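The block underneath contains the structure these notes are about, expressed in C-alpha cells.
The values are calculated or read from the model by the stated rules, or taken from the named source; none is laboratory data. What you are looking at is a predicted structure, and each value in this text was computed from that prediction instead of being measured. Heads up, the Cβs are rebuilt from the backbone with ideal geometry, glycines too, and the neighbour counts pull from every protein chain shown.
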Amino acid sequence: MEALFEVSGISRQAFHQWRIRKNCPSKATTQDRVISIAKQVRAQYLPGSSARVVYTYIRNKHPQLNAELKGWGKHRFESLCLKNGLRIETKRFIPKTTVHGDFCYPNLVEGLKISDINTVWVSDICYIFGKNGTLIGYATTLIDIYSRLLLGLSFSNSMRAFETANTVLAQAANYRKLKCYQKLIFHSDGGKQFIENQFINTLRSLNIQSSMAENCYENAFAEAFNDTLKNHILFDLNLNSFSQLKKHEQFVKQTYNLNKPHSSLNGLTPVEFELNLLNLQPCQRTILEIKPKKNQMDQFKTVFL
C-alpha cells in the first residue's frame, strides 16, 4: 500500500479520510441555512465581527450550530458570507483631538516587552454616534493589553471624570480584586479625566504608575479598540439613543470577553487566555513588545475584528 500511496501522490491519512466520507456520506448544510446561522451568531454573540471570527466561534464555542454546519470549511463559509453582505465595512480611521490637561506624564510603555497580565492597562475615551448620525454618548474603555481583556467599559452622556476614567478604573480594580499591584502601568492619552485628583489618588493607592501618550499612535491599542467598538460592534446594534446604548453596556463587555476569539491569542477569548496563563511557566509565555509606530494602528485594528 505504501508504494501505491507514493505513486498516486496521496498520503495514508488522506486515503482513510476519503474512505470515511465515502462510507458515511453527509448532506451539506444549505446556503440559506448557513447565512441564517451566520446572521444568528453575529446578532446574538458577535456583533460587528468578521466572517472568519464567526466561523471560529461556531466551530469552537457552539456545539449545536457546529453539528448543524456540515460540509462547510472556513474559506467556503467566508466566501458565502461576503457574497451575501456579511462583511466588515472598512471605515477610515480619524483620530480624535484630545483636550489635554495642564500636565502630562511621560510615556513609560514605549518599547516595553511584557509577558503577563496586570503589567500595562490602556484606556481611552471616544464619541459614540447612532445609526442616524447623531451623537448619543461617550465610551470609556480600559483593557489589559497582554490578554486583551476588557476590564472596564462605561457608556456615559458626559465626559466628566467620575463617569469616565474613574468608573472604568473602579470596574477594573473590582474585577482584579488586588489591593496593591507590582509594576502596573496605566497608559492613556493626555485627557483631563486621567489627571483628575480622585483618579490619580486611586491609582496611587493601588501602586499603579501613570503613563501618557503624546499622540494617538502612542496609544494605538486603545484607539484601535475604540474604533472597532464604535464603528463595528455598536454600529451593528443599530442604536439611536443613549438609553439604548447604556442598556448594551454589559452585553458588549461580556460578548467581547467571553465570545470573541483572537488570532493573536491563538484563537482563545480573553477570558480563556487568562485561564490558560495559569498553566504556563514564565518561559512559556508569549512576549508582547509595545511598538508605538504609526503603522501599528492598522496592525492593532486587525486584532479586534
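In summary, helices (runs of 4 or more DSSP H) completely within segment 3-76 and bearing 3 or more residues that are modelled with pLDDT of 90 or more and either within 23 Å of the chain's Cα centre (by Cα) or under 22 Å from residue 234 (Cβ atoms) (or both) occur at 31-44, 51-61, 63-68.
Under the condition of being modelled with pLDDT of 90 or more and either acidic (Asp, Glu) or part of a loop (DSSP other than H, G, I, E, B) (or both), the residues counted in segment 191-227 number 4.
Looking for something in the same structural domain as residue 140 (by TED's automatic domain parsing), within 13 Å of the chain's Cα centre (by Cα) and touching a residue at least 12 places away in the same chain (Cβ under 8 Å) - is there at least one such residue anywhere in segment 273-288? The answer is yes; a qualifying residue exists.
Taking segment 111-142 as the range and being over 24 Å from residue 273 (Cβ atoms) and touching a residue at least 40 places away in the same chain (Cβ under 8 Å) as the test, the residues that pass are 125, 126, 127, 128, 129, 130, 131, 132, 134, 136, 137. If the Cβ limit is 8 Å and pairs must be 6+ apart or interchain, which residue in segment 187-200 that is closer than 18 Å to residue 221 by Cβ and hydrophobic (A, V, I, L, M, F, W, C) pairs with which residue that is surrounded by fewer than 23 Cβ atoms within 10 Å (Cβ to Cβ) and at pLDDT 95 or above? So the pair list comes out as 194/210. With the structure loaded, tell me whether residue 183 is charged (D, E, K, R), at positive phi and touching a residue at least 60 places away in the same chain (Cβ under 8 Å) or whether it fails that test. Judged against the criteria, residue 183 is a match.
Out of everything in segment 212-227 that is of a type in the set (Asp, Glu) and touching a helix residue (DSSP H, G or I) at 6+ places or on another chain (Cβ under 7 Å), what residue ends up being surrounded by the most Cβ atoms within 10 Å (Cβ to Cβ)? Even if it seems obvious, please write down each step before you answer.
Narrowing segment 212-227 to residues of a type in the set (Asp, Glu): 214, 218, 223, 227.
Subsequent filtering for residues that are touching a helix residue (DSSP H, G or I) at 6+ places or on another chain (Cβ under 7 Å) retains 223, 227.
Numbers: 223: 24, 227: 22.
This residue is 223.
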